[in-house]
Each structure stands twice: as structure tokens, then as C-alpha cells.
Amino acid sequence: MPNEESYLDESLRKIAKGAGIGFFGIFIGTALGYFSRMIIARFLGASDYGLISLGFAAMSIAATLSLIGLPRGIQRYVSFYKGKEDKGRIKGTIVSALKISLPLSLFFALIFFFGADWISANIFHETDLTPVLRIFAIAIPFWVLARIFNSGTIGFQEIKYKVYTEFIFKDSFKLIAIVTFVALGYGVVGAAWGWVLAIILTPFLAFYFLEKKVFPIFNTKIKAIPTDRELFSFSWPLIFVGIAGIVMGFMDTLMLGYFCTSYEVGIYNAALPTAQLITMPGLAFASIFMPVITELYAREKYDELKGTYSAVTKWILSLAFPIFLLMALFADDIIKILFGAEYVIGAEALVILAFGFFISTVLARASGIITAFGRTRITMGCYLTGAVANFCLNLYLIPLFGIKGATMATALSLVFLGVLYFISAYRISKMQPFKLNHLKPAFSAIVAVLIVYSLTKYLIGVSFFVLIVMFLVFLALYFLFLLLIKAFDEHDLMIMRAIDQRLGTKSDWIREIIKRFL
């Protein structure tokens, strides 16, 4: 029988391989997505960018309602039945999800398409929003299908196919289409169509990977064992999580659109996605983290589960905290370089949002622990509580402070939700991921960032080229301080090897340096 250490090593290798390709994909997708947003923001202006942001928010709301929490249910049950080697129920889980979500997505698409006039005039007071809403309504069922197919592949701990479909194909096609339509003079309608055409094509590629590369759904003799009741019982509380997620993710944008104008929405949506860059390390680990710990839970390997939880949290903290510090200190310059001088008034919003997303992404793995233990009602309770707080804060603060009010509401509710998840996961599992060793990356990042900030602001001066060079200097200093205070351990080296194996990179020389400081 494998010992506990080998189980832990195996789990960390799986997560590291998934995180390696996940981080690569998220980095590429985020860069491409940013170029798309920059094209719209710079060439169409803040008001039209605000209309696109509202259209995307409306589509996301409808897709979330259509999915009724099923993506996490698919990931859990596919990985759970994989651990039990029950192929019939694996197929049944995916088929059941399609039978539930696809009709709902068509229903919401029709509502948003034919109700676009009323929504634009009576809620957002922007008649120019009508064609944008109708275009994004068409994308709803296609986005739902893509989420279901990708959730199936993630359940098999194959995150690379999600990377190929969502972060590389979709974001590449979206950028090309938006640039083409905007260059041809189609304006905001062209930008909306460019975004939506990419979404329409995505599920076809996602289905190909699921069917041909991972687990055939149609071209197989395996009989599907329906899991409708089991899947729905697990997932239905997550619909409230989904609704709460709408509140947490889009209430700030929607309420800004209601109380203010599309111009304020555009400014805010320059700061918001920039701050969300902090979540990249967490997102890279998240998709593969939950299936791996669910499999450990199914095998009753609780010590390995705790070790995995702690190691992943350390890596997320080590990657996210430096990003937060850099954003907080260089907010004005980052916004100006990415979106233009018109958007610099959103720099303060960037700092506030960055703090909220940092705390949230470090604590967010606790929600995976709750899900792995099958306690989705607790997840529902946490998210609903956070969503109510978010709604009330937005309702109170936006009329008083506008953009700043939206940022304060979002940041406070993100921190509150993260703490709720952390406390709930501890009460369920008696596990918490933090160790004294986790303070070492934070200390190293603070020292490295302060040195770079002082050099840039007081000696060299700020420009795009300088920021790039000084970022490289920061990385070198950060690594040096991590070595000097012995922040690395054997599990870190194993994770680096696993990432090398997945991406085909070579960090042998870095690992040899680290070994001398263990």
C-alpha cells in the first residue's frame, strides 16, 4: 500500500501539473482578453465600453441561472465516480447536466432577447444598450454548453482542454474578431458581435476534447446511469450560490449602470478586471484542486488532503501577494498604460479592489474543502450571506460615492465572504492551511517591492519600458530573498518538477540553486 507521503506527493503533482498549464492558459487568456478590452476602451471610449460591460454582465447572469450550480456538481461527481471507477455514472452525470441546463439556457436567451428594449429603457436608461443586449443573449446557450463540457474534462483532472478552449481559442478569436469589426467601423455593435462569435464557437471545440480525448459520451457502448436526482440534490443549493455570485460579480456594475451612467461603468470596468489579475494564481490551482481533494476525500486520505490544502495555499499566497503590492504602489501608471489617460480616475478604485481580491483568493480554497466534504448547503449559506452584504453595501455606498462606493462595497464583501468560507471549512474539517512558514514569502515580497518602488519613483522615473525592466528586477530580488530566508521546501521542488513535466519547461538550474538553501 502506498504510504501517506506518496499519496500527498501524487496529489501535489497532479495539482502542480494542472496549475502549470492552468497558469499558462490564464496568463495567455488574460493578456488576450485585456487586449480586447483595451481595443474597445481606447477606440470606442468609456461610454461604449460601459455598454459592452453591461451586455456581458447580462449574459453572465442568464448563463449562471441556467447552470443552476451544475459545473461544480459535474466536477465533483465525475471525479468521485472516477475514484470509484463507475463509468456509467460518469456518463450519466454529464448527460443529466445537459438535460437540465440546456432548456433553461434557451428560455433565458429568449427572455433577454425579446426583453432587451424594456431592460435598456427602464433599468439602465440607455437605449443604445438594446442591440448589445440582444447580441449577447444569443451567446447564452453556447456558453452554458461550453461550461458543461469543460467541467466534464476537469472532473477527469484534465485542465489543459479548458485552457485550449476558453483561454487560447476563445480569447484569440475574440480579439481578432473585435479588432476586425472595430477597424471596419461597426462600433459597439461590431465589438459585441466579435465577443459573441467567439463564445458561439467555443462549445464545439470543448465537446470535441471531451468526446475524443477524455471520455466519450455518444460514441460509446457504456450505458448512462442517470444521476439526475443525486446531481440536482448536490447542485441545487449552488444555484443560490450562483445567484449570490451574480450579486458579488455584477451587482457593482449593474448598480453603477442604474444610479450613474455607462461612462462610470466604463471607468469602473477598467479597474475591476485589472484588480482581478490577482486571482490568476488561485484560478490556476482552483479547477484541478477540487477534483484532487475530492478523490482524496473519497479514499479517506485526510492527512494528505490537509497537506495539499496547505501547500496550495502557500503557493497562491506567494504569487498573489506580490501582484497586490505592485498594483497598490503603481495603480496610476498601470491604468494609464493599459487603458489610457481617460481612465486614470479609476486608480483609487484599483487599489481598493486589489485588496479585496487578494484576501479573497488566498482564502478561497476553503470553499473547495467544503464542496469536497459534500456540504453544499454551507457553501450556499456563506455565499448568500456575502451576497446580501454586497447588495446592501452597493445600495448604500454607490448613491453616496459613485465609483468609489462600488469599489468599497465589492472589496468589503469579498473579504467578508473569504473569512466565512475559511471559518466554515475549519469547523467542518478541522483543517486550516496556514503555517508560520507562509510568512516568509510575504516578507520577501514586501522588501523586494519597496526597493523597486523607491528606485522607480525617486531615481529612475516611470515609463512603460521602465516598469517592464523593474518588474524583472523585482522578480530577481523576490527570488533572492526567498532563498536567503529559506522559504522553499521539498514539496516546492516537487511542484516545480511537475510543472516542468506538464509544460516542457526546464527549471533544473533553479531547483539546484534552491536545494543549496533548504
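Would you confirm, using the coordinates I've provided, whether residue 138 is at pLDDT 85 or above, surrounded by fewer than 21 Cβ atoms within 10 Å (Cβ to Cβ), among the hydrophobic types (A, V, I, L, M, F, W, C) and within 15 Å of residue 56 (Cβ to Cβ)?
yes
If you check residue 434 against the conditions, is it within 19 Å of the chain's Cα centre (by Cα) and farther than 18 Å from residue 354 by Cβ?
no
Is it true that residue 163 is over 29 Å from residue 73 (Cα atoms), part of a helix (DSSP H, G or I) and not polar (S, T, N, Q)?
No, not satisfied.
Might you check whether a residue that is touching a Ser or Thr at 6+ places or on another chain (Cβ under 9 Å) and part of a helix (DSSP H, G or I) occurs anywhere in region 180-187?
So far as region 180-187 goes, no, none of its residues is touching a Ser or Thr at 6+ places or on another chain (Cβ under 9 Å) and part of a helix (DSSP H, G or I).
Would you list the helices (runs of 4 or more DSSP H) that sit entirely within region 271-347 and hold 2 or more residues that are farther than 30 Å from residue 45 by Cβ, open to solvent by less than 30 Å² (accessible area, probe 1.4 Å) and modelled with pLDDT of 85 or more?
Because the criterion is at least 2 residues that are farther than 30 Å from residue 45 by Cβ, open to solvent by less than 30 Å² (accessible area, probe 1.4 Å) and modelled with pLDDT of 85 or more, the helices (runs of 4 or more DSSP H) in region 271-347 that meet it are 302-329.
Can you tell me which residue is surrounded by the fewest Cβ atoms within 10 Å (Cβ to Cβ) among those in region 205-226 that are in contact (Cβ under 8 Å) with a residue 24 or more places away in the chain and over 24 Å from residue 162 (Cα atoms)?
223
Among what's in region 141-178 and is among the small types (Gly, Ala, Ser) and surrounded by fewer than 24 Cβ atoms within 10 Å (Cβ to Cβ), pick the residue that is farthest from residue 283 (Cα to Cα).
Per the criteria, the residue is 177.
Considering each residue of region 182-204, count those that are within 15 Å of residue 139 (Cβ to Cβ) and open to solvent by 50 Å² or more (accessible area, probe 1.4 Å), and give that number.
Number satisfying all stated conditions: 5.
Filter region 30-57 down to the residues that are more than 14 Å from residue 190 (Cβ to Cβ), open to solvent by less than 10 Å² (accessible area, probe 1.4 Å) and among the hydrophobic types (A, V, I, L, M, F, W, C) and list them by number.
41, 46, 54, 57
If I ask for residues that are in contact with an Asp or Glu (Cβ under 6 Å, 6 or more places away or on another chain) and crowded, with 22+ Cβ neighbours inside 10 Å, which ones from region 64-114 would you list?
79, 96
Of the residues 402, 386, which is of a type outside the set (Phe, Trp, Tyr) and under 22 Å from the mean Cα position of the chain (by Cα)?
386
Give the residues of region 115-135 that are assigned to a helix (DSSP H, G or I), touching a residue at least 60 places away in the same chain (Cβ under 8 Å) and buried (at least 21 other Cβ atoms within 10 Å of the Cβ), sorted by residue number.
Those that are assigned to a helix (DSSP H, G or I), touching a residue at least 60 places away in the same chain (Cβ under 8 Å) and buried (at least 21 other Cβ atoms within 10 Å of the Cβ): 129, 132, 133, 135.
The values are calculated or read from the model by the stated rules, or taken from the named source; none is laboratory data. The model shown is predicted, which means the values in this text are computed figures rather than measured ones. Please note: Cβ atoms are built from the backbone with ideal geometry, for glycine as well, and neighbour counts cover all protein chains shown. For accessibility, only protein heavy atoms count, side chains too; no ligands or nucleic acids. Shrake-Rupley method; radii C 1.70, N 1.55, O 1.52, S 1.80 Å.
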